[in-house]
1. Just the residues that are over 40 Å from the mean Cα position of the chain (by Cα), touching a residue at least 40 places away in the same chain (Cβ under 8 Å), buried (at least 21 other Cβ atoms within 10 Å of the Cβ) and assigned to a helix (DSSP H, G or I), please, taken from the stretch B:399-457.
2. Could you list all residues from the stretch B:24-50 that are basic (K, R) and within 9 Å of another protein chain (Cβ to nearest Cβ)?
3. Would you confirm whether or not the stretch B:27-34 contains a residue that is buried (at least 22 other Cβ atoms within 10 Å of the Cβ) and either part of a loop (DSSP other than H, G, I, E, B) or basic (K, R) (or both)?
4. Which residue, of B:K250, B:K232, is closer than 23 Å to B:P334 by Cα, within 14 Å of another protein chain (Cβ to nearest Cβ) and of a type in the set (K, R)?
5. Kindly indicate the residue of the stretch A:24-76 that is among the small types (G, A, S) and under 16 Å from A:D13 (Cβ atoms) and also modelled with the lowest pLDDT among those meeting that condition.
6. Just to be sure before I move on: is B:A491 at pLDDT 95 or above, assigned to a helix (DSSP H, G or I), among the hydrophobic types (A, V, I, L, M, F, W, C) and surrounded by fewer than 21 Cβ atoms within 10 Å (Cβ to Cβ) in the structure I sent?
7. Please give the strands (runs of 3 or more DSSP E) falling wholly within the stretch B:162-239 in which 3 or more residues are of a type outside the set (A, V, I, L, M).
8. Name the residues in the stretch B:43-81 that are in contact (Cβ under 8 Å) with a residue 60 or more places away in the chain, part of a loop (DSSP other than H, G, I, E, B) and farther than 18 Å from A:M267 by Cβ, would you?
There are 2 protein chains.
Amino acid sequence: MQFINTKENLVVDSLDGLLRASGGANLARLDGYPGIKVILRTDHNPNKKVAIVAGGGSGHEPAHAAFVGPGMLTAAVCGEVFASPSVDAVFAAIMAVTGKAGCLVILKNYTGDRLNFGLAAEKARALGKKVEVLIVADDIALPDIPQPRGIAGVMFVEKIAGHFAEKGAPLAKVAAAARKASESLVSLGLSLSSCTLPGIGREDRIPSGKAELGLGIHGEPGVDLIDYDGAKHAAHLLADRIFKHAKPAKAYALLVNNLGSTTPLEMGLLTNEVLSHPKAAKIKLVLGPTALVTSLDMHGFSLSLMPLMPEFETALKSPASPLVWPGIHTHIKPKKIKLPAATKAKAFKASKNDALAALVGKACRILIDNEAALNALDAKVGDGDTGSTISTAAQHVSRNLPSMPLGNLSQFFAAVSDAMTRTMGGSSGVLFAIFFASASQAVAGGKTWLEALQAGLQRMRDYGGANPGDRTMVDALLPALAELQKSGSVAAAAKAARAGADATADMTRARAGRSSYVSESNLRGIKDPGAEAIARLLEGLSS
Amino acid sequence: MQFINTKENLVVDSLDGLLRASGGANLARLDGYPGIKVILRTDHNPNKKVAIVAGGGSGHEPAHAAFVGPGMLTAAVCGEVFASPSVDAVFAAIMAVTGKAGCLVILKNYTGDRLNFGLAAEKARALGKKVEVLIVADDIALPDIPQPRGIAGVMFVEKIAGHFAEKGAPLAKVAAAARKASESLVSLGLSLSSCTLPGIGREDRIPSGKAELGLGIHGEPGVDLIDYDGAKHAAHLLADRIFKHAKPAKAYALLVNNLGSTTPLEMGLLTNEVLSHPKAAKIKLVLGPTALVTSLDMHGFSLSLMPLMPEFETALKSPASPLVWPGIHTHIKPKKIKLPAATKAKAFKASKNDALAALVGKACRILIDNEAALNALDAKVGDGDTGSTISTAAQHVSRNLPSMPLGNLSQFFAAVSDAMTRTMGGSSGVLFAIFFASASQAVAGGKTWLEALQAGLQRMRDYGGANPGDRTMVDALLPALAELQKSGSVAAAAKAARAGADATADMTRARAGRSSYVSESNLRGIKDPGAEAIARLLEGLSS
């Protein structure tokens, strides 16, 4: 299945979509649908600047329609999927954009394109137009065939031609530069799948474990069916071949082209491998990884290599404003920046506060003592480990109390926060770490311990997303802290926590936390273990 | 199969590829692989400009690493595929880029991201950093859930925040603008497939004829499995929903996002449908169609809609130089340009030349008389229709001779060229049309009829790609025209054509034309029908 309406309207509908979303790019189409599918600039001066016309069958998007614009193409002629546009369509395109400055027609080397573009060019010449034709044949899949195919390397040629045309160079100069670029250009593709033909489907001809090497961009089989041995092998195989066939040069431009459905993650990895190839030091400019000339949804990629003359470098780097031109970058070794000093775990300096030590010690004992009871409760609505998770953290804090910064409440809260991530794990560990980290900040900002705990609760709710009534520990902790604020009594706070925890037994729709995965009937009558832990802690502290 | 080496190194290898191909973009990574995967700007002034940090699990490329750069992100924190980055990684990113101007952290609403980014932000705050956190929750798949997911709409938020940060706005302003954008943002996705998890594979859970509506970007199933009824239905369904849930506004910005392997052809078509929706008149800016937030290779798309405040419009349109930012365009009705006048078929004015009429008439009769013989020859090496194809064209010319511009050789050749495309069809029709169109130009340029025919032959060879010895009509026509040039004798030319045609029987490796598809043993001893036709024509004319 595909996102099409009818096969017949696919290309015109798609081109209209491109146009509708192109406001400001000065694009239009010739009024010749469905036979004549030509996208062209409306801001081109045909008497001052050479027109660049390119095209071919559709199914290779973004090539070529999305490259119409200043600095690249003046017009793109689009055929049906994988079919050459008609002579009439190419002729209309040439006639629409060609003035005194003349026109360079760029096409990829396929018989249909050669003939249709060729005749159209001849017809335009017969009417007095200055037209040059350049046939790009960069595929080295079969190096000794007389008519190599034209594949993704054509993008270098279109960019170079577009640059010189935009600069106002005469036709002879534009054509000569483009020809020079195309003559030394080599490309090769490799794929793990064929492509899905609209309305027809995908031919699953490549067996698992195999890859096709040297394929075209029309779903035709590759020259070789090879064993697929991972991305590095594939990338180096293509790199070996293109370097072998490239003309010797001091520097090259490389295109890493996505043939369709290769993920950007894979494309990044393939680029990394190609640019780590022994000969990659000579690659100066990199275009991509990106999809410029695709073969519908083929899961493959191609490499194109071009010796880099100084004038080509300027041309490739110059700005262009077509819809999807990605810009070209230089090849560099990845830069590494040292980790910030703050990321190094720093030990807190131990300091004393006997009252706090006694309080925390007591709290830890209460939580440790309740391990089995809380586990039993959790077993009814969860995975039965709430008690153990809390107990483990409490044991860690209890054990490490003597080395903690008890004399500095902000630092102490920060130390507890660190301990939570290290010992509790999972979401609850991070939530408690957030609670204590926020409390630490609040104390540092001059808040009291109670205000700090309230700030911690608020942050925990912000990130955790739990509101009162959502059947979490918030239902016990929130009323307890409010009561402490109001009356200053731990006993009253414990009563509030108990009431809150008991109320969770009636909350059958958990809207946050892991109870949200448990069915209503299983929750009914059972208290939330987190809320119960808070209630038991405060009851213990107040006794 | 996928282009990976090991699942463990996939993300770091891919990020290194991005960095290697990014020279000039001032990017680096923190030296914390594999645990800390942070891409960051090297040209950011943390005391003057607010840092924008975004991130989340990988598998959504180009989001977010490829959006690091002036005008968008200061740093991107990348987790493993579909897994939140660690607290340490987010903390390192914040600390590395945050100075006096502070930092806005943008994340998509998933529990893991909320907790890990949240704790990292709290830790940075505890160290005195000014940090704001914005959680984007734009997915309307389940409009009444308390924690909607964050999906592709986050790109609007990142662009808007990046714009204000780049302009030097204070943290409060940057955060407020981003928050305002995120609060009124709605998104919805639809897919025809799930995605291929690296090293695991693809879950084929969507039956043919169905689509998943309201899916996340981590391979989780959509909210509804609906009947798939073509692209228009799918696009309008999503458009209906996002307009229904969007806050009323005078104008909107739309993102048409490719979830992975949807072809650009399909994306263009979907965009066309969305922008033709009854409510689309209110869409002012369009971002895409493009892949910004993907779900690996999912064959789906999503729409995001945001009410367009004037300050958002400026922010979205402002330039940004991250690696793959496509730029935003206005929504327009496709402009149509009239076809060039030259494309209207113009009738040639009849004119007389009795000698030429007699010669052409004789030539046509010879070709018509040889129909059966040429067909019989072609039946041995092709599909047996060479004689009929040529005869049909000859009959047409013969019948129309009285109305042809016989008095003007250039026009006459042009008229024959037109007749060839109209009556012969296929490659041979175009090749003959090229032959006569070029001859027409040559005569117009002052060449003799013989020079013109030679120019036509050269062009035909340029576009057709046939050299002498390739077993085509060139093998008869080339020596014949050379002999005519030399001796001026039609009889001698006929002898040369005959020798050339006979020689094709020994040419067993056809390098051009359709005989290149026929095996050597089937060609041996059989003359090329095209060459034979030329020989018979000249023999007939000389008798």
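The values are calculated or read from the model by the stated rules, or taken from the named source; none is laboratory data. Predicted model, so just to flag it, every value in this text is computed and none were measured. In this analysis, Cβ positions are derived from the backbone assuming ideal geometry, glycine residues included, and neighbour counts consider all displayed protein chains.
1. Residue satisfying the conditions is B:F412 alone.
2. Passing the criteria: only B:R29.
3. Scanning the stretch B:27-34 turns up at least one residue that is buried (at least 22 other Cβ atoms within 10 Å of the Cβ) and either part of a loop (DSSP other than H, G, I, E, B) or basic (K, R) (or both).
4. Matching residue, one of B:K250, B:K232: B:K232.
5. A:G35
6. yes
7. Those strands (runs of 3 or more DSSP E) span B:186-191.
8. Hits for the stretch B:43-81 are B:K48, B:K49, B:V50, B:G69, B:P70, B:G71, B:M72, B:T74.
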